[in-house]
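Have a look at the structure below before the remarks.
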Amino acid sequence: MQTHTPPRRTIRLTRRGRIALIATGAVVAATAVAVSLLSTDEAEGPQHVVIPEGWRARQVYEAVDKAFALPAGTTKKSLDKARLKLPEDASGNPEGYLFPATYPIDEKSTPASLLSYMVHTANKKFSGGTVTAGAEQNAMNVYQTVTVASMVQAEADTKADMGKVARVIYNRLARGMPLQMDSTINYALNRSTLRTSERDTKLNSPYNTYQRMGLPPTPIANPGVDAMRAAVSPAHGDWLYFVTVKPGDTRFTADYAEHQKNVAEFNKNSQSASASS
């Protein structure tokens, strides 16, 4: 069986980036999962920190700094004080475990306590028999499953696509194929873009899944419940490629020739959009 991808200059495996850097609470609250940190009366207070699904740790730190009116970088520096209860595989890096939610804060709250509660919430959501059993069935541990979920969160155009994106990841891993996810390169370069260049794919980084086999070393974002569910119980299918031809129209296939046609349509739509802008 063929276990390698066709030449990289022609393949476009993934949807080109999806991590939206949303700042307004009115928009992001719709996708955030409400988590009660305080009593009902206290939770009615005016100040909250909203962490949307798919935000990177850097964005979380910035949001907490802003909520507490602290100098930039203060929350990140509080990681040692927070003593976060992370999996051993995380090596102290909370990426993937700063659970997306709406977090009320009061006069007793600190950046360290807030980060600690985010991780506590993630551990509750990501533990249990269903997650553990699903991870084992996919030949993963829970931390690796969170890593898969973070890519699903970044790559899927819609909630309905998440299970298929997860299946593409597992299918490619099973066949010894590089994942070739643009979202992991975006993470390494601290950006969000719709296009990955040939030069980008040669980036010397452990997050370059074009050059390196297997999963990236850590999650690349903080996934929500739906992405984690998809990573635990992916859809059934033989898909190896996908591309979002236009918003709401993601094409999944196991046939490379068909994928090339889909990519050509994606490029045509992209050029039309650029010409009209």
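The values are calculated or read from the model by the stated rules, or taken from the named source; none is laboratory data. Quick caveat, the model's predicted, so the values are computed rather than measured. Here the Cβ positions follow ideal geometry from the backbone for every residue, glycine too, while neighbour counts run over all protein chains shown. Heads up: the accessible areas ignore ligands, DNA and RNA and are worked out on the full protein's heavy atoms, side chains in. Shrake-Rupley method; radii C 1.70, N 1.55, O 1.52, S 1.80 Å.
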Check segment 142-159 and report whether any residue there is assigned to a loop (DSSP other than H, G, I, E, B) and open to solvent by less than 20 Å² (accessible area, probe 1.4 Å).
yes
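Which residue is nearest to the chain's Cα centre (by Cα), if the candidates are limited to segment 86-111 and must be over 22 Å from Ala221 (Cβ atoms) and open to solvent by less than 50 Å² (accessible area, probe 1.4 Å)?
Pro104
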If you take just the helices (runs of 4 or more DSSP H) that sit entirely in segment 9-110, which of them hold at least 3 residues that are modelled with pLDDT under 50?
25-28, 40-43
Based on this model, can you work out whether Asn171 counts as of a type outside the set (Phe, Trp, Tyr), assigned to a loop (DSSP other than H, G, I, E, B) and open to solvent by 10 Å² or more (accessible area, probe 1.4 Å)?
no
Those residues that are in contact (Cβ under 8 Å) with a residue 40 or more places away in the chain and open to solvent by 50 Å² or more (accessible area, probe 1.4 Å), I need them from segment 53-85; list them, please.
Glu53, Arg58, Leu70
Does segment 185-208 contain at least one residue that is exposed (fewer than 14 other Cβ atoms within 10 Å of the Cβ), of a type in the set (A, V, I, L, M) and more than 12 Å from the chain's Cα centre (by Cα)?
no
